[in-house]
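Participant: Dumping the structure here so I can ask a few things about it.
The values are calculated or read from the model by the stated rules, or taken from the named source; none is laboratory data. On a predicted model such as this, the values are computed, not experimentally measured, just so you know. Note that each Cβ is placed from the backbone with ideal geometry, even for glycine, and that neighbours are counted across all protein chains shown. Just the protein is used for accessible areas: all its heavy atoms, side chains included, with ligands, DNA and RNA removed. Shrake-Rupley method; radii C 1.70, N 1.55, O 1.52, S 1.80 Å.
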Amino acid sequence: MKLTDLPDSRGHFGPYGGIFVAETLMAALDELRVEYEKARNDPAFVAEFEYELKHYVGRPSPVYHARRLSEAYGGAQIYLKREDLNHTGAHKINNTIGQALLARRMGKKRVIAETGAGQHGVASATVAARYGMECVVYMGAEDVARQSPNVFRMKLLGATVVPVSSGSKTLKDALNEAMRDWVTNVESTFYILGTAAGPHPYPMLVRDFQCVIGRECLVQMPELTGRQPDAVIACVGGGSNAIGIFHPYIPHENVRLIGVEAGGSGVASGKHAAPLTAGTPGVLHGFRSYLMQDENGQIIETHSVSAGLDYPGVGPEHSYLKDAGRAEYVAINDDEALAAFHDLCRYEGIIPALESSHAVAHAKKLAPTLGKDQIILVNLSGRGDKDINTVAKVSGITL
Amino acid sequence: MSRIGQTFIALKAHNRKALIPFITAGDPGKGLTVPLMHALVEAGSDIIELGVPFSDPMADGPVIQRASERALANKVGLKDVLAMTAEFRKTNTTTPVVLMGYANPVERMGYETFALAAKAAGVDGVLTVDIPPEESAGVSDVFKSHGLDPIFLLSPTTPESRVEQVAAAAGGFIYYVSLKGVTGSANLDTEEVARKLAMVRKHCSLPVGVGFGIRDAATAEAVARIADAVVVGSRIVNEIETAPEGECTNRVKHLVAELRRGVDAASK
């Protein structure tokens with residue numbers, strides 16, 4: 001079987017993925033699977049999705065040669081895929097448009113979403129407004145506090161934001177709560193899942209909607225540089241921006257695919273969010289994948305300066321790509337990500353999301369080990385306006 | 001035949017319905033679970049569902065989630081739950097014990113290792129909420145080969161076409177969750193449940209238990225009229241949560257006795 005032929009009909013990527021949910025959700029997931037199968041083969045659906053990406057999101061997003069950054073890092077040429085320039089400021093909108101179109105097709109008038117950094121919540125609230133749907137967003141109480149600009153954005157867009165105070169009060173708890181809402185309101189409600197994780201068919205359909213990123217790069221890189229890059233780097237929380245840029249590159253075997261997890265205070269400290277780097281396989285949130293768990297199989301709390309990477313699991317396809325050796329996964333600590341954040345601000349005039357700063361930080365490590373004629377493509381998955389309060393706080397500055 | 005099967009046959013012979021209470025192991029205290037289990041039996045329970053604490057109980061409502069959080073704060077994990085069952089078995093060899101929980105703690109221990117240990121501890125059935133029959137290939141067989149009944153859920157959203165498939169993987173009894181939603185939700189439409197059970201019984205010869213939304217003698221009686229077993233979870237856990245210190249066991253005993261009267265009233 002080819003790596004690009006996955007998942008199988010039940011959503012398995014080798015031993016990963018699958019459908020691990022309570023019986024109440026089985027029918028809804030099956031309905032979604034059947035409807036998505038029809039939609040992806042319906043030229044009218046595909047055409048509308050592409051129209052929206054072009055005219056509403058502003059795609060294709062450019063690829064940009066970060067010359068001053070490359071020079072400063074002293075090695076390979078660094079190119080940035082500018083997902084930060086999308087409408088709403090991140091790659092998340094690619095997926096929410098796809099899912100909202102599916103929701104509309106299925107006659108669901110209410111959409112729900114979970115959010116960590118708030119980017120997926122904003123992207124969901126945006127499309128709900130765009131297509132005239134009711135929208136409820138679940139967000140960990142801790143994230144509500146550290147991402148207040150995005151909370152206000154969602155409210156401006158007409159969404160109801162529900163702070164979740166159970167467990168660690170972050171993304172995983174918001175996801176639990178969204179699942180509970182869905183179980184309760186399954187007939188009227190479409191669950192817009194924000195990353196390439198969760199029960200089948202979500203990891204597949206989110207990947208498919210995000211693959212526009214990598215497909216554009218396949219065309220743009222030869223136009224700009226005459227060839228494909230030597231390495232593609234993307235940050236990995238749940239892993240949707242990474243799988244979106246990786247997947248079209250899987251058959252291009254000379255292109256290294258590198259996923260960057262949140263190393264928090266350092267993997268050795270235990271305070272991180274790097275399940276692929278330091279976790280073990282298990283079952284959470286409807287799928288099997290690498291997880292952050294203790295010896296009793298309880299999920300452990302994650303730590304990252306970046307809310308969007310603060311998640312104990314990872315999309316199942318990444319677990320598969322890791323085991324298959326097709327992609328490499330590394331961890332970048334909070335301080336390294338923050339340094340890269342400032343680098344990009346100062347050298348290129350781009351304020352990146354803290355999530356994306358992890359990918360830039362790994363480019364900083366990799367670039368000097370490569371020649372000046374080699375090429376690194378970094379997926380700049382989002383812009384950093386939402387993070388300025390966090391950055392100010394860790395820098396000891398009061399705004 | 002398993003202890004669960006024997007229990008249902010004995011009940012049927014006496015024209016009685018089963019009462020199945022749920023408590024979370026380790027809630028409110030590590031040392032209170034075994035005494036609570038005995039109290040449940042004394043108050044008239046036929047089968048005990050013992051919840052295995054999990055950090056992310058997605059299919060449960062706030063009441064059982066808080067019970068899980070209290071149990072985890074008491075450092076109770078799957079191994080402790082097995083030890084508690086073994087302790088209970090020292091003085092009770094007849095009441096079946098079903099472990100109810102989520103896949104990951106079992107997955108972490110290893111399905112084979114778990115099944116061996118569970119059987120040795122005196123566990124009779126296992127309900128892993130987030131392992132549907134589609135993902136249970138191997139798991140169900142491992143449980144069955146060690147003499148553990150794999151318990152599965154059916155819900156109002158389960159299409160008729162799936163019932164047969166679920167029944168084929170199941171052992172012991174089928175657990176019909178009578179409401180959409182998480183545990184602890186309100187309202188129960190017994191007429192709708194009765195219609196659904198008639199459909200389920202066409203495809204399934206196992207006894208059918210009904211849970212979700214049962215809170216007193218009246219609702220227990222209404223469900224006992226249509227089901228083979230009445231499952232009560234959140235209401236009991238709520239009693240444990242709100243009982244003053246030292247009162248927990250008595251309060252639970254009192255509540256379960258009331259539920260028992262309701263269940264028995266249906267057989268009169």
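Participant: If the Cβ limit is 8 Å and pairs must be 6+ apart or interchain, which residue in region A:90-119 that is among the hydroxyl-bearing types (Ser, Thr, Tyr) pairs with which residue that is in a loop (DSSP other than H, G, I, E, B)?
Facilitator: Qualifying pairs under 8 Å: A:Thr96/A:Gly194; A:Thr115/A:Gly194.
Participant: What is the one condition in (1) under 14 Å from the mean Cα position of the chain (by Cα); (2) touching a residue at least 60 places away in the same chain (Cβ under 8 Å); (3) open to solvent by less than 10 Å² (accessible area, probe 1.4 Å) that A:Gly214 does not satisfy?
Facilitator: (2)
Participant: Still on this structure, I have one more. Starting from residues that are under 24 Å from B:Asp46 (Cα atoms) and open to solvent by 10 Å² or more (accessible area, probe 1.4 Å), keep the ones in region B:122-136 and report whichever is nearest to the other protein chains (Cβ to nearest Cβ).
Facilitator: B:Val129
Participant: Any idea which residue in region A:176-200 is farthest from the other protein chains (Cβ to nearest Cβ), counting only those that are farther than 18 Å from A:Val162 by Cβ and modelled with pLDDT of 90 or more?
Facilitator: A:Ala196
Participant: I'd like to check something: does region A:355-362 contain any residue that is among the small types (Gly, Ala, Ser) and open to solvent by 10 Å² or more (accessible area, probe 1.4 Å)?
Facilitator: No, there is no match, as no residue in region A:355-362 is among the small types (Gly, Ala, Ser) and open to solvent by 10 Å² or more (accessible area, probe 1.4 Å).
Participant: Does at least one position in region B:26-39 carry a residue that is under 15 Å from the mean Cα position of the chain (by Cα), assigned to a loop (DSSP other than H, G, I, E, B) and away from chain A (no Cβ under 14 Å)?
Facilitator: no
Participant: Another one. Does region A:46-57 hold any residues that are loosely packed, with under 13 Cβ neighbours inside 10 Å and either of a type in the set (Ser, Thr, Tyr) or within 14 Å of chain B (Cβ to nearest Cβ) (or both), and which are they?
Facilitator: The one that is loosely packed, with under 13 Cβ neighbours inside 10 Å and either of a type in the set (Ser, Thr, Tyr) or within 14 Å of chain B (Cβ to nearest Cβ) (or both): A:Tyr51.
Participant: Can you tell me how many residues within region B:137-168 are within 12 Å of chain A (Cβ to nearest Cβ) and either closer than 15 Å to B:Val193 by Cα or surrounded by fewer than 21 Cβ atoms within 10 Å (Cβ to Cβ) (or both)?
Facilitator: Qualifying residue count, region B:137-168: 14.
Participant: Inside region B:219-240, can you point out the residues that are part of a helix (DSSP H, G or I) and surrounded by fewer than 16 Cβ atoms within 10 Å (Cβ to Cβ)?
Facilitator: None; the set is empty.
Results for (1) outside any helix (DSSP H, G or I); (2) crowded, with 23+ Cβ neighbours inside 10 Å, shown as yes or no for each residue.
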| position | (1), (2) |
| --- | --- |
| A:Pro312 | yes, yes |
| A:His318 | no, yes |
| A:Lys322 | no, no |
| A:Glu328 | yes, no |
| A:Ala339 | no, no |
| A:His342 | no, no |
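Participant: Kindly indicate the residue of region A:251-265 that is open to solvent by 10 Å² or more (accessible area, probe 1.4 Å) and in contact (Cβ under 8 Å) with a residue 24 or more places away in the chain and also farthest from A:Leu321 (Cα to Cα) among those meeting that condition.
Facilitator: A:Ser265
Participant: Answer yes if at least one residue in region B:2-23 is open to solvent by less than 20 Å² (accessible area, probe 1.4 Å), outside any helix (DSSP H, G or I) and without any contact (Cβ under 8 Å) to a residue 60 or more places away in the chain, and no otherwise.
Facilitator: no
Participant: Considering only residues that are in contact with a strand residue (DSSP E or B) (Cβ under 9 Å, 6 or more places away or on another chain) and of a type outside the set (Asp, Glu), look in region B:106-121 and name the one that is nearest to the other protein chains (Cβ to nearest Cβ).
Facilitator: So, considering only residues that are in contact with a strand residue (DSSP E or B) (Cβ under 9 Å, 6 or more places away or on another chain) and of a type outside the set (Asp, Glu), the one nearest to the other protein chains (Cβ to nearest Cβ) is B:Arg108.
Participant: Among the listed residues A:Pro229, A:Pro203, which satisfies the condition of being more than 14 Å from every other protein chain (Cβ to nearest Cβ), within 25 Å of A:Val136 (Cβ to Cβ) and in contact (Cβ under 8 Å) with a residue 24 or more places away in the chain?
Facilitator: From the options A:Pro229, A:Pro203, the qualifying one is A:Pro203.
Participant: Give the residues of region B:193-218 that are of a type outside the set (D, E, K, R), under 27 Å from B:Ala168 (Cβ atoms) and either open to solvent by 30 Å² or more (accessible area, probe 1.4 Å) or touching a helix residue (DSSP H, G or I) at 6+ places or on another chain (Cβ under 7 Å) (or both), sorted by residue number.
Facilitator: Selection gives B:Ala194, B:Ala198, B:Met199, B:Val200, B:His203, B:Cys204, B:Ser205, B:Leu206, B:Pro207, B:Val208, B:Val210.
Participant: Report, by residue number, each residue of region A:29-45 that is over 15 Å from A:Ala100 (Cβ atoms) and open to solvent by less than 50 Å² (accessible area, probe 1.4 Å).
Facilitator: A:Leu29, A:Asp42
Participant: Here are some conditions: (1) out of contact with any Ser or Thr (no Cβ under 8 Å at 6 or more places or on another chain); (2) surrounded by fewer than 19 Cβ atoms within 10 Å (Cβ to Cβ); (3) not in a helix (DSSP H, G or I). A:Ser304 meets all but one. Which one does it not meet?
Facilitator: Every condition holds for A:Ser304 apart from (2).
Participant: Give region A:11-27 a look and list any residue that's surrounded by fewer than 24 Cβ atoms within 10 Å (Cβ to Cβ) and more than 7 Å from every other protein chain (Cβ to nearest Cβ), or say none.
Facilitator: Within region A:11-27, A:His12, A:Gly14, A:Pro15 meet the criteria.
Participant: When only residues in region B:97-121 that are aromatic (Phe, Trp, Tyr) and open to solvent by less than 30 Å² (accessible area, probe 1.4 Å) count, which is farthest from B:Lys144 (Cα to Cα)?
Facilitator: Here the residue is B:Tyr102.
Participant: Now a separate question. Can you report the number of residues in region B:56-76 which are within 12 Å of another protein chain (Cβ to nearest Cβ), at pLDDT 95 or above and surrounded by 23 or more Cβ atoms within 10 Å (Cβ to Cβ)?
Facilitator: 3
Participant: Sticking with this one: So A:Thr96 fits all but one of (1) assigned to a helix (DSSP H, G or I); (2) more than 17 Å from the chain's Cα centre (by Cα); (3) not aliphatic (A, V, I, L, M); what number is the exception?
Facilitator: The single condition A:Thr96 does not satisfy is (2).
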